[in-house]
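Let me begin by presenting the structure, written as structure tokens, before commenting on it.
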Amino acid sequence: MAITETQILDALRAVRLPQGGDLVGAGMVSGLTLREGHVGFAIEVDPTQATVMEPVRKAAEKAIMDLPGVLTATVVLTAHRAAPQTAPRPTGPAKPHAHGHAHGQPGGQPGAQPGGGRLSLPGIKHIIAVASGKGGVGKSTTAVNLALALHANGLTVGLLDADVYGPSQPRMMGIKGKPTSKDGKIMEPMANHGIKVMSMGFLIEEETPMIWRGPMVMSAITQLLRDVNWGELDVLVCDLPPGTGDTQLTMSQNVPLAGAVIVSTPQDIALLDAKKGLNMFRKVDVPVLGIIENMSYFSCPNCGHRSEIFAHGGARREAERFGVDFLGEIPLDIAIRETSDGGNPIVVSDPKSPHAAAYRDIAQKVWAKLSGTAQRQGPRIVIQ
Ligand code: ADP
């Protein structure tokens, strides 16, 4: 029989707190999720209590694992109350532990610019976000190929996998292993195909289901940005978490984004999700560099025949309608899937292919906008 929320809460009532009482009674359990035997939740703690509460976290995990029918239990401590809006300063080395949660401490933001509340990353010339209104549209595939295409065009590039819910860049970039740190504070980024990469996927066990809540995500992303030795970069491409919720909004507010690229598929003709993305960035005054239509048409691997199985061209029309640039279209092609899922994205594995050329063309347009060689922005349109 499937495990119920009541069973979980009952088990947690047996977990005692150092100060007396139990986890449930103290109202410290939040964000409980249950999915096919995978259980996750956060324990909200005062940030100064993080060390004292670690044994409680472990005990809670054990109590859940001991229940019949539970496959995994992921319990994280969160200093949620201490840092509602801004990115907290971590205590030491960026080490979101095996459960994926980067502990934060309250306090000032040494990396923030005065007044702006945004992180300051002086070595990085331009940070761009690759975003999508929903998951599965090929955002990560586009991000990795765009980053590699920018590099192929002669730029120094980093790739930050900010998709902490389902980090896919270690796989797509063909990188295994864990980052090292020379001083115990700043992590060295991983690298392959000529670009530097950082991802939560390097820091957590694979297959670990992660339960993230807004402030935790921001804290983790902040560490991946600030506590990594990125060196001098022309562009840092950020593969954002899917969707346009509070997390993405907070991230767009806290990270000094030079612009955002929105990935959309054509079958959603009205592109409702993509519109949400547009609106979100406009809300926080991040320029939308343009829209990319992914899985635009089907390219037959045998004969090269092009079939427009979805309503191809929807993104171009919508982009025009909203006064945003259309950056290009990428077909649905098994070669794109196989290469990126195999750790050798098409831009590096088959640079002569038309798809690689399409990514480089998009990268060139993006760079022209970033470096100011193209007209900055179209007319500013407010969508009601
Ligand atoms: P998202 O980041 O939006 O969730 P992914 O980039 O992980 O999406 O893509 C989802 C799946 O679709 C992956 O297996 C990926 O290889 C595949 N995919 C993405 N774009 C294409 C494309 N243009 N042609 C074929 N497969 C693609």
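The values are calculated or read from the model by the stated rules, or taken from the named source; none is laboratory data. No experiment lies behind these values; they were computed from the predicted model shown. So basically every Cβ, Gly included, is an ideal-geometry build from the backbone, and we count neighbours across all protein chains shown. Heads up: the accessible areas ignore ligands, DNA and RNA and are worked out on the full protein's heavy atoms, side chains in. Shrake-Rupley method; radii C 1.70, N 1.55, O 1.52, S 1.80 Å.
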inquiry  = Treating only the Cα positions of segment 124-371 as identical point scatterers, give the base-10 log of I(q)/I(0) from the Debye formula at each q in 0.13, 0.17 Å⁻¹.
reply    = -0.74, -1.32
ask   = Does a label point 7 Å from the Cα of residue 302, set along Cα-to-beta-carbon, have any residues of segment 315-337 with amide nitrogen under 20 Å, and which are they?
value = 332-337
remark   = The extension gain from residue 232 to residue 371, computed as 0.36 nm times the residue separation minus the Cα-Cα distance, is 48.5 nm
key: Solvent-accessible surface (1.4 angstrom probe) belonging to residue 222, in square angstrom, nearest 10   = 0
inquiry  = Checking the cross-link filter: which lysines have an alpha carbon closer than 20 Å to that of residue 196, excluding same-chain neighbours under 8 positions apart?
reply    = 95, 125, 139, 176, 178, 182, 185
